[in-house]
Amino acid sequence: MKLPVIAGLSALATTLFIGGFVIAQNAAGVQSLRGADIDVTLPTDDIHRPMEGRKLRNYRQQPPIIPHSTDQYQIDLRTNQCLACHDWTKAGERGAPTLSMTHYLDRDGTQMDTVAGTRWFCNQCHVPQVNAPELVGNTFAPSNSLK
């Protein structure tokens, strides 16, 4: 007695599920996230060019913004091309800013001669400055303007 009832309920549930799925797929007003049909080619954004000169920081402890392109820079587990100019051993001869000494401290605060593994991937904190518009509007004001 129980087996036919369970089989009937299973068949009903499957039919309702498939029917609901078909109705949902045929519902009017569904649009793609692109806002256009799949065969329409949408224009891409302009390439944002790097801005010349260094920008001031907006708050204390803000990571500096990179004043040059990093498109061709290799940063992986073995190579960090940023260090070719910004490592303390080369920055003087290259005319580049030296990394903060905090980049040479390990997790225990021990000072090292090489960049710590926790600071190896520069683009975790530093981004190139470009003329890109804001993605989201905001009312942020630098901390020194609050005086």
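A few remarks follow.
- Checking each residue in segment 93-147 for being in contact (Cβ under 8 Å) with a residue 12 or more places away in the chain, assigned to a loop (DSSP other than H, G, I, E, B) and farther than 21 Å from Lys55 by Cβ picks out Asp106, Val115, Ala116, Trp120, Phe121.
- Checked against (1) surrounded by 10 or more Cβ atoms within 10 Å (Cβ to Cβ); (2) modelled with pLDDT of 85 or more, Lys55 passes all but a single condition, namely (2).
- Checked against the criterion of being surrounded by 10 or more Cβ atoms within 10 Å (Cβ to Cβ), more than 25 Å from the chain's Cα centre (by Cα) and assigned to a helix (DSSP H, G or I), the candidates Ala13, Ala24 yield just one match: Ala13.
Let's see how each residue does on (1) more than 21 Å from Thr98 (Cα to Cα); (2) surrounded by 10 or more Cβ atoms within 10 Å (Cβ to Cβ):
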| site | (1), (2) |
| --- | --- |
| Asp37 | yes, no |
| Thr41 | yes, no |
| Ile47 | yes, no |
| Gln61 | no, no |
| Ile66 | no, yes |
| Ser69 | no, yes |
| Ile75 | no, yes |
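- Being under 30 Å from Ala141 (Cα atoms), in a loop (DSSP other than H, G, I, E, B) and free of Cβ contacts under 8 Å to residues at least 12 places away in the same chain is a condition met by at least one residue of segment 69-87.
The values are calculated or read from the model by the stated rules, or taken from the named source; none is laboratory data. Computed from a prediction, not measured in an experiment: that's the story for all the values here. Cβ atoms come from the backbone with ideal geometry, glycine included; neighbour counts cover every protein chain shown.
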